[in-house]
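These notes concern the structure reproduced below.
The values are calculated or read from the model by the stated rules, or taken from the named source; none is laboratory data. Because the structure is a prediction, the values reported are computed rather than measured. Every residue, glycine as well, gets a Cβ built from its backbone with ideal geometry; the counts of neighbours run over all protein chains shown. Only protein heavy atoms, including side chains, enter the accessible area calculation; ligands, DNA and RNA are left aside. Shrake-Rupley method; radii C 1.70, N 1.55, O 1.52, S 1.80 Å.
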Amino acid sequence: MAKKGNRVQVILECTEHKASGQPGTSRYITTKNKKNTPDRIELKKFNPILKKMTVHKEIK
């Protein structure tokens, strides 16, 4: 049976990583409730390549 509800899986990608010029990407997969948060989310997550906490934004 499929799950019911408004919870969807989203991908978060680092915003500072592209500007740094280093190879690779920092991405996280998480879930959000589309009813409560219809906008794109931004979370501070750890970027292992840059070795610091950076802002990760939801990508489509």
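Some points to look at:
- Of all residues making up segment 28-38, the number that are open to solvent by 90 Å² or more (accessible area, probe 1.4 Å) and modelled with pLDDT of 95 or more: 1
- Listed conditions (1) modelled with pLDDT under 95; (2) in contact with a strand residue (DSSP E or B) (Cβ under 8 Å, 6 or more places away or on another chain) are all met by M53, apart from (1).
- Those residues of segment 1-27 which are in a strand (DSSP E or B), open to solvent by less than 80 Å² (accessible area, probe 1.4 Å) and of a type outside the set (V, I, T), in sequence order: L12, E13, C14
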